[in-house]
Amino acid sequence: MKRVLLRVDFNFPFEYKIQRTLPTITNLLKRGAAVVLITHLDTEGAAVMLEKGLSTKKNAMHLDVLANALKIHYPSLLLVRGLVGEPPKDFFIKHKNRLILLDNLRLDKREERNDHRFAKSLSKWGDYYINEAFANSHRQHASIVSLPMLLPHDIG
């Protein structure tokens with residue numbers, strides 16, 4: 001099973017933006033890929049959002065919209081909460097056939113600094129990288145610039 005890191009733009013209005021990425025998500029799932037969605041929410045107060053669990057709540061709303069749009073249920077969707085590091089050993093064996101959404105990338109300040117070590121830890125989540133976050137492609141962030149240098153990549 002190949003793992004695809006799909007950089008999406010699920011910032012506001014996220015219902016609309018999720019709908020725009022469904023063809024790519026659906027295509028990857030039909031092909032048997034393990035799909036790991038990576039996105040951001042606005043930076044303002046990211047540390048406070050993490051501390052109060054607000055980022056997770058907003059990403060939980062993404063899960064609701066995704067579940068409705070894809071007609072799948074929560075056992076098939078998983079939100080990895082908090083700061084993103086490398087996936088735990090056997091993560092993909094335990095969570096086979098699930099759509100994964102990593103928490104807000106901007107919770108980690110290294111995202112906006114285009115930190116290569118952060119991109120390297122993100123790269124452990126996938127075998128391939130696809131950029132579907134076209135509105136963010138001008139940003140010099142780790143998930144946009146450095147991550148595609150570490151994995152075979154394409155656009156959605």
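The values are calculated or read from the model by the stated rules, or taken from the named source; none is laboratory data. Here the structure is a predicted model, which is why all the values come from computation and not from measurement. All accessible areas refer to the heavy atoms of the entire protein, side chains included, with ligands and DNA or RNA removed. Shrake-Rupley method; radii C 1.70, N 1.55, O 1.52, S 1.80 Å.
A compact table of results
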| item | result |
| --- | --- |
| Of K71/K120; K30/K109; K2/K71; K71/K109, those spanning more than 29 Å from alpha-carbon to alpha-carbon | K71/K120; K30/K109; K71/K109 |
| Protein-only accessible surface order, largest first, of D115, D103 at 1.4 Å | D115, D103 |
